[in-house]
Every structure is written in C-alpha cells, then in structure tokens.
Amino acid sequence: MKLRLLSLYPDQMNIYADRGNILFLQHRCEWRGIDFEVTRCGPGDRFDPGDHDLLYMGGGQDRDQKAVAGDLIESKQASMRAAKEGGAAILAVCGGYQLLGESYELEGETIEGLGLVDLKTVREPGPRLIGPVAIEVDLDGEPKVLAGFENHGGRTRLGNCSPLGKVIHGHGNNGEDGFEGVREDNLIGTYLHGPLLPKNAWLADHLIATGLEHHHGERPELEPLDDGLEDAAHRAALTAARKG
Ligand code: GLN
C-alpha cells in the first residue's frame, strides 16, 4: 500500500512548523510498512488530482496568505475541487483553513479564497484568539477529543457546511458560536496548529486510512502502534486547555 501526500506551499504556509504533521504521517505509515510519498506543490505548480490521496496546507500569517492566494486560485483551484469531489483527504490548518473558504476580509482588503466550502473569515475588532484549545469531534461514529493550540485574528463563520467539532475549551472558529473548524466530504479545516497530529494520533490514522481508501479503493484496518508518547502529549495539551 502507498499513501501519496501533496504538500501545498510547504515554504510559505508553515507558520508553526506545521510541516511536522507531515513527518508524523510519514512515520506512522513507514512503521506499518506502508509506502509514503510527498510531493511539494509551491507557487506556479499545478497538480493532477488523481495522483494524490491526502492534500495538506499549513498555517500562515496574513502576508503569507496574501502571497499565495492568487496563485492558489489560478493554478490549483480546479484540481483542488476535483480532488475533493474524488474523495481525497484534505487537511488545512489555520491560514490554510481560511483559504478554503470564500474569502478572508481584513483591514479594508478582501483575500479571495478557494470557495471549496461555504465559510467566510473576517478580521473583526477584538483581540486575537490565542491559547490552548480542546474540541469534541465525531468522525467515525465515536466522539473523540482533539487537543491543540490556536492563534488567529480572523473570525470564521460557517454557511451551509458542518463544523469539525464543538469547543470544549478555547475559542474555536470565532469565539462566539462554540464551533471549531469545518468538515465536508473528506475535507477537514481547523485552527488547531503546530503539532496537531503528534498530539492527536487518532486523527493522523483517520487521515491515513481515508487516503489509503482513496488510493486503493478499500478502507484498511490500520495496525495499532505504541502510542505512549503521543498519548502523553495529548494529555498534556488537554490539561493545558482545561487550565485555559
Ligand atoms: N493570518 C491568519 C489570522 O491571523 C491565520 C493565522 C495562522 O495561520 N496562525 O487569522
């Protein structure tokens, strides 16, 4: 078996070393004897949606988002749409998450997004939404907890689409409605960034299984791994979120 990951703007959209999530996916595949391929997709690059099982875009500052947004639409929008419709897994974090939506409005300027999901982000007056966060998520018919860290000035509001989860601790999409992230088909957008996957190994495995299903047509039963360290990291993140 082989998982083919596409890393979107690895140099531009990587504000909290979000690329560590890719290393984590790679190790979990290799520990199980699953081949892992990473293709970098930067400014100007195009891709064939059938060639990739998991698309990943990390977080970025406003200026990084401005730098890639035009290129994202011009050279990648059609392939991103086709990849989503074809059932590829998509994970977009923070600034990458905002760019999946219709637009990001800030200081009199509007950055146009990919329009893959019905959501909008606006930089409203008020403090940045920063801190440890925990959310309850149900991806496989069994509620689980994601624990991590958020840091965003933009407030995201969902239109006709579902949140990834409900906020247990922290701010979430906008600090008001109690929701975090977005989920549609096999696309996930979230504000939880930095080492999201090492702290939440179950989400990494969910993405791996979804990607392998995309490539091989059948959802595999993944071999369990020794997650002692990952579980400890999850507990520490959750404890931090509980304390606020
Ligand atoms: N620039 C965006 C915001 O501040 C996203 C930030 C990020 O990716 N950490 O809302």
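Only one of Val117, Val133 is open to solvent by less than 20 Å² (accessible area, probe 1.4 Å), outside any strand (DSSP E or B) and on the phi < 0 side of the Ramachandran plot. Can you tell me which?
On the way: Val133 fails: outside any strand (DSSP E or B).
Among Val117, Val133, only Val117 is open to solvent by less than 20 Å² (accessible area, probe 1.4 Å), outside any strand (DSSP E or B) and on the phi < 0 side of the Ramachandran plot.
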Search region 139-163 for residues that are more than 22 Å from Thr110 (Cβ to Cβ) and pair each with any residue that is among the polar types (S, T, N, Q) and within 16 Å of the ligand (Cβ to nearest atom) when their beta-carbon atoms are under 9 Å apart and the residues are at least 6 apart or on different chains.
Leu146/Thr190; Gly148/Thr190; Glu150/Thr190; Pro163/Asn173
Can you work out which of the residues in region 173-185 that are touching a residue at least 40 places away in the same chain (Cβ under 8 Å) and small (Gly, Ala, Ser) is farthest from Lys120 (Cα to Cα)?
Gly175
Is there any pair linking a residue in region 56-84 that is at positive phi to one that is more than 12 Å from the ligand (Cβ to nearest atom), with Cβ under 8 Å and at least six apart or on different chains, and which?
none
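Can you confirm whether region 86-99 contains a residue that is more than 14 Å from the chain's Cα centre (by Cα), more than 16 Å from Arg123 (Cα to Cα) and modelled with pLDDT of 95 or more?
Quick first cut of region 86-99, residues more than 14 Å from the chain's Cα centre (by Cα) only: 86-87.
Filter once more, keeping what is more than 16 Å from Arg123 (Cα to Cα): 86-87.
Retained after the next criterion (residues that are modelled with pLDDT of 95 or more): 86-87.
For region 86-99, residues more than 14 Å from the chain's Cα centre (by Cα), more than 16 Å from Arg123 (Cα to Cα) and modelled with pLDDT of 95 or more: present.
Which one is farthest from Gly194 (Cα to Cα) among residues in region 49-60 that are of a type in the set (Gly, Ala, Ser) and within 16 Å of the ligand (Cβ to nearest atom)? I'd like the intermediate steps shown before the answer.
Step one: list which residues in region 49-60 are of a type in the set (Gly, Ala, Ser), which gives 50, 58-60.
Applying the additional criterion that residues be within 16 Å of the ligand (Cβ to nearest atom) yields 58-60.
Numbers: Gly58: 9, Gly59: 9, Gly60: 11 Å.
Among those that are of a type in the set (Gly, Ala, Ser) and within 16 Å of the ligand (Cβ to nearest atom), it is Gly60.
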So the check is Cβ under 7 Å with 6+ separation or different chains; which pairs have a first residue in region 10-22 that's closer than 9 Å to Gly60 by Cβ and at pLDDT 90 or above and a second one that's more than 8 Å from the ligand (Cβ to nearest atom) and open to solvent by less than 70 Å² (accessible area, probe 1.4 Å)?
Gln12/Val68; Met13/Met57; Met13/Val68
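Would you point out the residue of region 159-175, among those that are among the hydrophobic types (A, V, I, L, M, F, W, C) and not in a strand (DSSP E or B), that is surrounded by the fewest Cβ atoms within 10 Å (Cβ to Cβ)? Outline the logic, then answer.
Residues of region 159-175 that are among the hydrophobic types (A, V, I, L, M, F, W, C), as a first pass: 161, 164, 167-168.
Still in the list and also not in a strand (DSSP E or B): 161, 164.
Values: Cys161: 15, Leu164: 27.
The residue in question is Cys161.
Name the residue that is nearest to the ligand (Cβ to nearest atom), counting only residues in region 66-85 that are in contact with a helix residue (DSSP H, G or I) (Cβ under 9 Å, 6 or more places away or on another chain) and either open to solvent by 50 Å² or more (accessible area, probe 1.4 Å) or of a type in the set (Phe, Trp, Tyr) (or both).
First, the residues of region 66-85 that are in contact with a helix residue (DSSP H, G or I) (Cβ under 9 Å, 6 or more places away or on another chain): 68-69, 72, 78-85.
If we keep only those that are either open to solvent by 50 Å² or more (accessible area, probe 1.4 Å) or of a type in the set (Phe, Trp, Tyr) (or both) too, we end up with 78, 81, 85.
On the way: Ala78: 25, Arg81: 23, Glu85: 26 Å.
Out of the qualifying residues, it is Arg81.
From Cys41, Cys29, Cys94, which residue is on the phi > 0 side of the Ramachandran plot and surrounded by 17 or more Cβ atoms within 10 Å (Cβ to Cβ)? If you could, list the steps in order and put the result at the bottom.
Details: Cys41 fails: on the phi > 0 side of the Ramachandran plot; Cys29 fails: on the phi > 0 side of the Ramachandran plot.
When all the criteria are applied, what remains is Cys94.
Which residue, of Arg46, Arg4, Arg63, is more than 30 Å from Gly126 (Cα to Cα) and either within 16 Å of the ligand (Cβ to nearest atom) or open to solvent by less than 40 Å² (accessible area, probe 1.4 Å) (or both)?
Within the list Arg46, Arg4, Arg63, the selection yields Arg4.
The values are calculated or read from the model by the stated rules, or taken from the named source; none is laboratory data. Just so you know, these numbers come straight off a predicted model, no measurement behind them. Heads up, the Cβs are rebuilt from the backbone with ideal geometry, glycines too, and the neighbour counts pull from every protein chain shown. Calculation scope for accessible area: heavy atoms of the full protein, side chains included, ligands and nucleic acids excluded. Shrake-Rupley method; radii C 1.70, N 1.55, O 1.52, S 1.80 Å.
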